[in-house]
Structures are given as structure tokens and as C-alpha cells.
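The values are calculated or read from the model by the stated rules, or taken from the named source; none is laboratory data. A quick note: this is a predicted structure, and the numbers were derived from the prediction, not measured. As a convention, Cβ positions derive from the backbone with ideal geometry for all residues, glycine included, and neighbour counts pool all protein chains shown.
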Amino acid sequence: MIAMDSELQDKLLDLAYEARERSYSPYSNYKVGACLLAKSGRIYQGCNIENASYTPTICAERNAFFKAVYEGEREFEAIAVVATGNTPSFPCGVCRQVMAEYCEKDFLIITGNNDRSRVVVCTLDEMLPYSFGPKDLK
Ligand code: THU
């Protein structure tokens, strides 16, 4: 388990639970919320937004990232992710790839279950080892 200031970790999780309430997920009924901390210190929340045509659906994590990138952020510290259900929920492969576009190997992913009795913290490098990213196109 990787250490992070526990007050900050709690704050990010609180805001991820709050973001989960905004989820538009009538097809899966699986609500996801995310809270992304940029190196600037600013915070960006996101939720999953589904579509009747399914493929246009966006995950909570990418929603948060794209809001932040739109605002000019390019460097990030950590993201908290929470979903419906009693197990921690880890980012999908597509979201991990988006993280790899902007984040260092030590970018933290914090995920908790519904009642916060289980919280898992890991790095992007653990989630997506041997990643392909901007460095490969230089
Ligand atoms: N979802 C996320 O928001 N984040 C993930 O990392 C995994 C999946 C959403 C997409 C869809 O709305 C629902 O969860 C079921 O896949």
C-alpha cells in the first residue's frame, strides 16, 4: 500500500462520492464518481455519462481528466474513484491509457468501496506497466 496524506486522501474520496451522485447511468445502473487532483492544487470531479448507443459512454475518470485538460492542466497528482457496489473499483484500460498520456509513473489511484471500509491505493505504473505514451513518439 502506498502512503498518501490521509486527510487529502479522504477529501478526494469525499468528492468522488459526491461526483458519483451526478452519474447518468440508466443502462448499467453502475454509478461511478471520480475526483482528480492536478499538480496545480485544483480539483476536478467527473462521473460516468452513458448513451443509448452505448459506445459514446464516457467513464468518470476520463470525464474528470478532460475537464481538467480543457482548463489547461497537464500535470496530475492523484485520482480517487468510487462506484456502486461494495468492492473498490479500478479504472478501465481506456482510462488508464488516458492517465498515461499526462501522468508520471507515481500518479496515485485511490479507490474505495461504498462504506469506505476498503480503500486501495496504487500507482499508475502498477496499473499500467510497460505503457505506451508520448515518450514513444519522440
Ligand atoms: N465506468 C467508469 O465510469 N469507469 C471505469 O473505469 C469503468 C467503467 C462506467 C462506464 C459505464 O457507464 C459503467 O461504468 C459500466 O461499465
Within the stretch 89-101, is even one residue crowded, with 17+ Cβ neighbours inside 10 Å, within 15 Å of the ligand (Cβ to nearest atom), modelled with pLDDT under 95 and under 17 Å from Val32 (Cβ atoms)? yes
I'm checking my understanding of the structure. Among residues of the stretch 1-55 that are acidic (Asp, Glu), loosely packed, with under 13 Cβ neighbours inside 10 Å and away from the ligand (no atom under 16 Å from the Cβ), which one is farthest from Asn113 (Cα to Cα)? Asp5
For the stretch 7-21, check the following and say yes or no: at least one residue is closer than 24 Å to Gly133 by Cβ and either outside any helix (DSSP H, G or I) or modelled with pLDDT of 95 or more (or both). yes
For the stretch 57-73, indicate whether the set of residues that are over 15 Å from Val121 (Cβ atoms), away from the ligand (no atom under 13 Å from the Cβ), touching a strand residue (DSSP E or B) at 6+ places or on another chain (Cβ under 7 Å) and of a type in the set (Phe, Trp, Tyr) is non-empty. no
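Yes/no per residue for (1) touching a Leu at 6+ places or on another chain (Cβ under 8 Å); (2) charged (D, E, K, R); (3) over 16 Å from Ser89 (Cα atoms); (4) free of Cβ contacts under 8 Å to residues at least 60 places away in the same chain:
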| position | (1), (2), (3), (4) |
| --- | --- |
| Lys11 | no, yes, yes, yes |
| Tyr24 | no, no, yes, yes |
| Tyr27 | no, no, yes, yes |
| Lys39 | no, yes, yes, yes |
| Ile49 | no, no, yes, yes |
| Glu61 | yes, yes, no, yes |
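Hey, among Ile2, Ile49, Ile58, which residue is modelled with pLDDT under 95 and either of a type outside the set (D, E, K, R) or in contact with a Cys (Cβ under 7 Å, 6 or more places away or on another chain) (or both)?
Ile2
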Could you say whether any residue in the stretch 12-19 is touching a Lys or Arg at 6+ places or on another chain (Cβ under 8 Å), closer than 18 Å to Thr123 by Cα and of a type outside the set (Ser, Thr, Tyr)? yes
Would you check which residues across the stretch 1-50 are among the β-branched types (Val, Ile, Thr) and under 19 Å from Glu73 (Cβ atoms) and list them? Ile43
So Asp115 fits all but one of (1) within 16 Å of the ligand (Cβ to nearest atom); (2) free of Cβ contacts under 8 Å to residues at least 40 places away in the same chain; what number is the exception? (1)
Residue hits (the stretch 118-138; surrounded by fewer than 17 Cβ atoms within 10 Å (Cβ to Cβ) and closer than 17 Å to Leu12 by Cβ) are Arg118, Val120, Cys122
